[in-house]
Amino acid sequence: MLLRIDHVGIACHDLEEKIRLFQELFELEVVAREVNEEQGVKEAMLRVAGDSYIQLLEPLSPDSPVGRFLARRGEGVHHVAFGVGDVSDAMGRIAEKGVRLLDEQPRHGSMGSSIAFLHPKDVGGMLTELVQAAKRK
Ligand code: V0V
Ligand code: CO
């Protein structure tokens with residue numbers, strides 16, 4: 001069902017500062033940036049290799065998933081995202097196993113992807129995202 005680790009999402013207070021840190025430490029390049037109002041984040045994707053990325057996330061407000069996470073736990077790993085071929089199919093198969101889906105429908109994600117989240121309490125404490133990449137043109 002899973003094709004790869006698509007990205008690891010890192011919550012931070014200052015996106016520009018953390019972009020500089022990851023560029024400097026690991027010589028990564030920013031390949032996309034986006035403000036995603038629905039998810040309450042400003043984010044940047046830094047390519048590690050192939051289709052795997054570090055996603056840096058700054059909250060748009062304290063009352064958002066990443067804002068609440070920062071207040072409670074501070075900066076650090078926020079979620080792990082797995083690449084799947086068909087996100088709706090994967091959501092159905094995982095929900096059948098009793099895992100709570102945080103999204104009823106796939107939503108818009110970074111770089112034109114379709115995404116859905118699984119409840120961390122049902123995945124060993126790991127907030128999990130499923131990602132169907134946009135079709136290449
Ligand atoms: C909360 N919990 C976490 C967690 N956030 N555990 C692991 N990792 C996290 N990131 C724990 C929390 O400590 C509680 O445990 C429990 O889950 C329930 O939390 P809650 O009180 O309901 O906290 P909320 O209201 O902040 O909601 C948490 C969830 C929320 C996960 C339900 O953050 C959510 O819906 N997230 C999905 C959307 C999202 O995260 N978007 C931002 C990334 P205790 O204390 O009860 O033990 S956007 C993105 O990745 C994009 C756009 C992309 O990839 O393209
Ligand atoms: Co993500």
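Some observations on this one:
- Note on residue 18: aspartates and glutamates with a C-alpha under 18 Å away, same-chain residues under 8 apart excluded, are 27, 29, 34, 43, 58, 75.
- Segment 36-91: GluC sites (Glu not before Pro) in DSSP coil with no more than 16 other Cβ atoms inside 10 Å: 37, 38, 75
- Note that segment 60-76 has calculated 3J(HN,Hα) couplings of 7, 7, x, 8, 8, x, 6, x, 5, 4, 4, 5, 7, 10, x, 5, x Hz, one per residue in order, obtained from phi through the Karplus relation 6.51 cos²θ - 1.76 cosθ + 1.60 (θ = phi - 60°); glycine and proline are x.
- Within a straight-line Cα-Cα reach of under 12 Å, residue 97 can be paired with the following aspartates and glutamates, leaving aside sequence neighbours fewer than 8 residues apart in one chain: 122.
- Across all Cα atoms of the chain, the radius of gyration (one decimal) and Dmax (whole number) stand at 14.4, 43 Å.
- Acute angle (nearest 10 degrees) that the helix 15-26 long axis makes with the longest principal axis of the chain, alpha-carbon atoms: 90
- Karplus (6.51, -1.76, 1.60) ³J(HN,Hα), θ = phi - 60°, over segment 27-36, in Hz, Gly and Pro reported as x: 6, 8, 10, 6, 10, 7, 9, 7, 9, 10
- Residues whose amide H falls under 5 Å from that of residue 109, counting only those 5 or more places apart or on a different chain, are 114, 115, with hydrogens built in the peptide plane.
- Cα centroid separation, segment 86-137 to segment 9-43 (Å): 21
- Straight-line cross-link partners of residue 137 among the lysines, defined as a Cα under 27 Å from its Cα and at least 8 positions apart when in the same chain: 42.
- Computed from phi, the 3J(HN,Hα) profile of segment 120-137 under the Karplus parametrisation 6.51, -1.76, 1.60 (θ = phi - 60°) reads x, 5, 9, 10, x, x, 9, 4, 10, 10, 9, 10, 9, 5, 4, 5, 6, 8 Hz, with x in place of Gly and Pro.
Every number here is computed from the coordinates shown, using simple stated rules; none is lab data. Model, not experiment: these values are computed from the prediction. All Cβ positions, even for glycine, are placed from backbone atoms using ideal geometry, and neighbour counts span all protein chains on display.
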